[in-house]
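Can you keep this structure in mind? I'll have questions shortly.
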Amino acid sequence: MTVTSEQRFGEFVVVRRHEGQGHVAELVLDRPKAMNAVSTDMARSIAAACDALDADRDVRATVLTSSHERAFCVGADLKERNSFSDADLVRQRPTARAAYTGVLELPMPVIAAVHGFALGGGFELALACDVIVADATAVVGLPEVSVGVIPGGGGTQLLPRRVGAARAAELVFSARRVEAAEARELGLVDELVEAGRDREEALALGARIAANSPVGLRAAKKALRLGQGLDLRAGLEVEDAAWRSVAFSGDRAEGVAAFNEKRRPDWPGE
């Protein structure tokens, strides 16, 4: 399966493939009238788009972006939630989870391009990515306890893996918003760029990543993810298994040949 040059998933999500960056997919949050608040329909669309990207072996990197000028994503659609009964909320939970795990479990490297507000579930979507590029307007945070819930899109697990348990606790318990410069200092985002350049810089990073072996990239991501939280010896076993999965691949043979022949590799992707 291959995602076309532009494919819409429901009303609120678009996947694009760019000329000259054929191995980079852009996953666009496109609900600008609600600052990309994640409704049930939007969550379902994010999950469907991720399923399509997961099945597309031609995609070597994905960039998660927003079509709204002042926000990446403001989190769950609380207007919709206000109309829910308890039973509605229980029924909606698997749909919401599927959106966040869809991004988290994408097999290729994923980069978030963040500007403006990335709050609650919006920041959790960014945390589900491997690298977060933010511009100077970014404001991030997990304010869920201020409305009587907790981060439920992976935030309580992903944030401490980035910044440590104590810092994550302070941020979650205080529900405070963190502006771009402090977010970079604390490690909440990875790269800080000039206002308006987050998407451009994230796509450029995606293109640099996508120049590398697709087999190697997926195996490296798997090793990085599976090794988190393990002791060193167990982590090295995870790494060895990932190494064995690529050591006899066509990509490894092509990479070694291209290096010795001083040319750019033509990756077979297998």
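Within the bounds of the stretch 193-203, is there any residue that is free of Cβ contacts under 8 Å to residues at least 24 places away in the same chain and in contact with a strand residue (DSSP E or B) (Cβ under 9 Å, 6 or more places away or on another chain)? Steps first, please.
Here is the first cut: in the stretch 193-203, the ones free of Cβ contacts under 8 Å to residues at least 24 places away in the same chain are 200.
Within this subset, residues satisfying the condition of being in contact with a strand residue (DSSP E or B) (Cβ under 9 Å, 6 or more places away or on another chain) are 200.
Yes, the stretch 193-203 has at least one match.
Being under 19 Å from the mean Cα position of the chain (by Cα), open to solvent by 10 Å² or more (accessible area, probe 1.4 Å) and more than 15 Å from GLY122 (Cα to Cα) narrows it down to one residue among ARG60, ARG81; which is it?
On inspection, the qualifying residue turns out to be ARG60.
Still on this structure, please answer the following. State which residue is most open to solvent (accessible area, probe 1.4 Å) when the search covers only the stretch 215-270 and only residues that are basic (Lys, Arg) and in a helix (DSSP H, G or I). Can you show your working first?
First pass over the stretch 215-270, keeping only residues basic (Lys, Arg): 218, 221-222, 225, 233, 244, 252, 262-264.
Those still in the list that are in a helix (DSSP H, G or I) too: 218, 221-222, 225, 233, 244, 252.
Details: ARG218: 31, LYS221: 15, LYS222: 127, ARG225: 71, ARG233: 190, ARG244: 142, ARG252: 116 Å².
By that ranking, first place goes to ARG233.
For ALA113, state whether it is open to solvent by 10 Å² or more (accessible area, probe 1.4 Å), touching a Leu at 6+ places or on another chain (Cβ under 8 Å), modelled with pLDDT of 95 or more and under 18 Å from ARG199 (Cα atoms).
Answer is no for this residue.
May I pose another question? Would you list the strands (runs of 3 or more DSSP E) that sit entirely within the stretch 16-107 and hold 1 or more residues that are among the polar types (S, T, N, Q) and farther than 28 Å from PRO214 by Cβ? I'd like the intermediate steps shown before the answer.
Numbers: elements: 21-29, 61-66, 71-73.
Output list is empty.
For residues that are within 19 Å of VAL38 (Cα to Cα) and more than 19 Å from the chain's Cα centre (by Cα), tally how many sit in the stretch 130-161.
Qualifying residue count, the stretch 130-161: 8.
The values are calculated or read from the model by the stated rules, or taken from the named source; none is laboratory data. Just so it is clear, the structure is predicted and the values come from calculations on it, not from any experiment. All Cβ positions, even for glycine, are placed from backbone atoms using ideal geometry, and neighbour counts span all protein chains on display. The accessibility values were calculated without ligands, DNA or RNA, using every heavy atom of the protein model including side chains. Shrake-Rupley method; radii C 1.70, N 1.55, O 1.52, S 1.80 Å.
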